[in-house]
Amino acid sequence: MSSTWYENTSEWYAPRETAPAKAPELSVPQKKTKKGWTPLRISGAVFLLLALIVASSLLFGGLGKEAPTLDLPAQTYESTDDLPSDPAQFFKNFYQSTTTDVTDIDIARAKLPIDFTMELTPAAGEELSLQELYEKCSKSIVAISAYENTSIGYSWGTGVILSADGLILTNTHVINGCDRAVVTLPDDREFEALLVGADAISDVALLKIDAKGLPVVELGESASLRVGDHVAAIGNPLGETFRNTLTDGIISAIERGVQYNGRSMTLLQTNTALNEGNSGGALFNMHGQMVGVTNMKMMSSYSSIEGIGFAIPSSTVRSVVNALVKDGEVRGRPSIGITVGSIPDAAKSEYNLPDGLYITAVSKGSDAEAKGILPGDVLTAVNGEPVTVSDDVVAIKNQLQVGDTIHFTIWRDGETLEFDVVLMDTNDIYGK
């Protein structure tokens, strides 16, 4: 939700610009002709919804850089007669995003450790009106401009003030690929920022500016949220013109599982309006406490989708922030290094594929790559247990630690193969 979104399914941002982003022109949406729903289209839609967890590219960017977008698969088919003869082409169309981004940030680093601990506070007292919430909270929301090659092209996003002496929270994708970041306060003062740390898996990043007496956000407990609770977001959608925009809605789901580019995330779902540039902003409860960091939105290249946005829970943010201020990174999380997606029944029948998960990508530098696992393989079992949805793999992996070995049964061109893959630290695959 920074102002640099992906234009395709793996992007959050529009193309990078050499000048500050301008507000987009308003236009009247064009009506689209609706096609009838054939049985294959209906079943395909069901698979698309199921596949959202495993084959999405999450969109929340800004005007200038690439950010994640949760998108429906790129193509549906009217009948089995329309399916490509090559299964690889089918899955390329079905799963729009098949690569896993690697974090590469060259912003000068802040000196560590930083004396700060993020603590969450239970909500107390009466709920605020939206006017009261905005008056209380907007002062702690900042704008972030991140640049490549010092000044050529930039990413626009949002940040949140965590400490009076200039600790700024944002999304990793806002500053990914950049070597310079500037923080603009609500009073228009600008500060060059140093990088404390950035975590690709959680999409949480910390910057540090040399400032004093800043208004600090109040931190609330995401664990206390319930579906239906009212929430509000403050951020900088669509560039500088709309800085500090307030939108409101409800919590639509708790602990929504999403897999973005091979990375599992557990997020809050909300119908609060979120747009390019909101990335790194705050989702508040009605007590004026930040309970989440807005970072994703569901998009579709062929259908209208509204009111499905996501935020990183404050409980997740707390653990990551407390690791970043100490060590500049989060260690100890095991990763396999593959991206998988469910296989529609129509594809199984047409291409004679077994039950399992289609491997859409294998990350460079992973042991899975070193052992010879390839995109296009079908993962049928992990440690002897059949797998048909990505959560099957995640559940097994999460019981293991970095350095442990996991056993894969792979189907490839009619042959069954066995692989032993060593789990690596996530940072060693996806960090710089």
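The values are calculated or read from the model by the stated rules, or taken from the named source; none is laboratory data. Computed from a predicted structure; not experimentally measured. A quick note on method: Cβ atoms are made from the backbone with ideal geometry, for glycine too, and the neighbour counts reach across all protein chains shown.
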*Would you pick out the residues in the range 333-356 that are free of Cβ contacts under 8 Å to residues at least 40 places away in the same chain and under 12 Å from residue 410 (Cα atoms)?*
355
*Taking helices (runs of 4 or more DSSP H) that do not extend beyond the range 314-432, which have at least 2 residues that are at pLDDT 95 or above, assigned by TED's automatic domain parsing to the domain that holds residue 292 and under 30 Å from residue 162 (Cβ atoms)?*
314-327
*residue 283 vs. criteria surrounded by 20 or more Cβ atoms within 10 Å (Cβ to Cβ) and in contact (Cβ under 8 Å) with a residue 12 or more places away in the chain*: yes
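Please go through the range 336-378 and give me each residue that is small (Gly, Ala, Ser) and on the phi > 0 side of the Ramachandran plot, ordered by number.
Matches in the range 336-378: 337, 356, 365, 372, 376.
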*Scope the range 322-368; condition within 19 Å of residue 428 (Cα to Cα) and of a type in the set (Val, Ile, Thr); matching residues*: 330, 336, 338, 339, 362
*When residues of the range 350-390 are limited to those that are under 18 Å from residue 337 (Cβ atoms) and of a type in the set (D, E, K, R), the one surrounded by the fewest Cβ atoms within 10 Å (Cβ to Cβ)*: 364
*Is one or more of the residues making up the range 159-170 in contact (Cβ under 8 Å) with a residue 12 or more places away in the chain and over 16 Å from residue 321 (Cβ atoms)?*
no
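Residues are listed down the side, and each one gets a yes or a no for (1) in contact with a strand residue (DSSP E or B) (Cβ under 7 Å, 6 or more places away or on another chain); (2) under 16 Å from residue 430 (Cα atoms); (3) assigned by TED's automatic domain parsing to the domain that holds residue 268:
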site	(1), (2), (3)
163	no, no, yes
166	yes, no, yes
169	yes, no, yes
173	no, yes, yes
181	yes, no, yes
184	yes, no, yes
189	no, no, yes
194	yes, no, yes
202	yes, yes, yes
_Unmet requirement for residue 296, which otherwise passes all of (1) modelled with pLDDT of 95 or more; (2) of a type outside the set (Phe, Trp, Tyr); (3) on the phi < 0 side of the Ramachandran plot_ = (1)
*Which ones in the range 244-262 are in a strand (DSSP E or B), buried (at least 21 other Cβ atoms within 10 Å of the Cβ) and modelled with pLDDT under 85?*
259, 260
